1. Report in % the part of the accessible area of the stretch 1-158 that belongs to carbon and sulfur, leaving out ligands and nucleic acids; probe 1.4 Å.
2. For the stretch 69-152, what does the alpha-carbon gyration tensor say about shape, rounded, prolate or oblate, given a ≥ b ≥ c as the root eigenvalues, a/c under 1.5 as rounded, and a/b over b/c as prolate?
3. Normalise the Cα radius of gyration of the stretch 24-73 by 2.2 N^0.38 Å (N = residues in it) and let me know the number.
4. Just tell me which aspartates and glutamates come within less than 14 Å, Cα to Cα, of Lys94; anything on the same chain fewer than 8 places away is out.
5. Looking only at Thr19, Thr176, Thr128, which one moves most when the chain is put into a Gaussian network model with springs between Cα atoms under 10 Å?
6. Using DSSP loop states and a limit of at most 12 other Cβ atoms within 10 Å to flag trypsin sites (Lys or Arg not before Pro), what is the longest stretch of the chain containing no flagged site?
7. Against the 2.2 N^0.38 Å scaling, with N counting residues, where does the stretch 115-187 land? I'd like the Cα-based Rg ratio to two decimal places.
8. Over 21 Å between Cα atoms: which of Lys44/Lys170; Lys100/Lys170; Lys2/Lys109 fall into that group?
Amino acid sequence: IKQVPDDSVEIHLNPETGTPALESVTPVVNAFDTYALEMAVRLKESVGGTVTVVSIGDDSVKNSLKNCLAVGADEAYLVKNESAQTLDAEGIAKCLAKAKRAIEAAGEKQFDIVFTGKESTDYAASQTGLFLADELSMPAAANVIAVEAAEGTAKIKQETDEGYHTIEAKLPCVVTIQKPNYDPRYPTIKS
């Protein structure tokens with residue numbers, strides 16, 4: 001997941017620097033990443049397994065990771081990188097690939113499906129998930145709105161300009177999620 005400035009508030013430019021004044025904006029989990037997390041949690045609930053969330057940044061990201069745990073993730077990892085905001089999509093993908101390999105090696109497990117949001121609401125480049133798939137030498141599917149897992153494969157529904165495509169991908173794979181036909185869960189005080 002990526003922590004981004006809350007896009008539901010009005011953001012102004014800093015008159016001195018000409019850059020967005022984000023100091024007073026509360027950071028939140030990127031909207032497309034909340035869809036990816038929701039889809040992963042729903043898949044876990046239907047076929048079993050665990051959901052692991054990874055983010056890159058400084059200690060301020062911990063609250064977003066806690067929110068992910070509150071809505072169904074089983075584990076959360078923070079890859080500390082104070083300069084994460086300066087990394088491009090390829091740099092983030094390399095960092096995520098390294099984290100994936102380290103988590104798998106430490107836990108003696110393998111991730112079957114890597115879910116990412118299709119893009120971040122701050123840069124909207126739509127590249128990180130595909131760079132990640134390339135870095136991991138895994139098949140990728142973009143603009144995904146539904147995933148079903150079967151023995152060794154994933155049945156994936158993509159939204160395209162012409163309508164919908166249903167494809168099958170060999171596991172493990174990477175999917176980039178866009179807004180599905182349902183809303184993500186939100187953390188509650190109890191959770």
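1. Heavy-atom surface of the stretch 1-158 belonging to carbon and sulfur, 1.4 Å probe: 49 percent.
2. Since a/c stays below 1.5, the shape of the stretch 69-152 is classed as rounded.
3. The value comes to 1.20.
4. Cα-Cα hits under 14 Å: Asp134, Glu135.
5. Sorting by GNM fluctuation, first place goes to Thr19.
6. The longest such stretch corresponds to 1-108.
7. This ratio for the stretch 115-187 stands at 1.11.
8. Going by Cα-Cα distance, Lys2/Lys109 fall outside the 21 Å limit.
The values are calculated or read from the model by the stated rules, or taken from the named source; none is laboratory data. This one's a predicted model, so the numbers in the text were calculated from it and none came from an experiment. Quick reminder, even Gly has a Cβ in these numbers, built from the backbone with ideal geometry, and neighbours come from all protein chains shown. The protein model used for the area step is the full one, side chains on, heavy atoms only, and it has no ligands, DNA or RNA in it. Shrake-Rupley method; radii C 1.70, N 1.55, O 1.52, S 1.80 Å.
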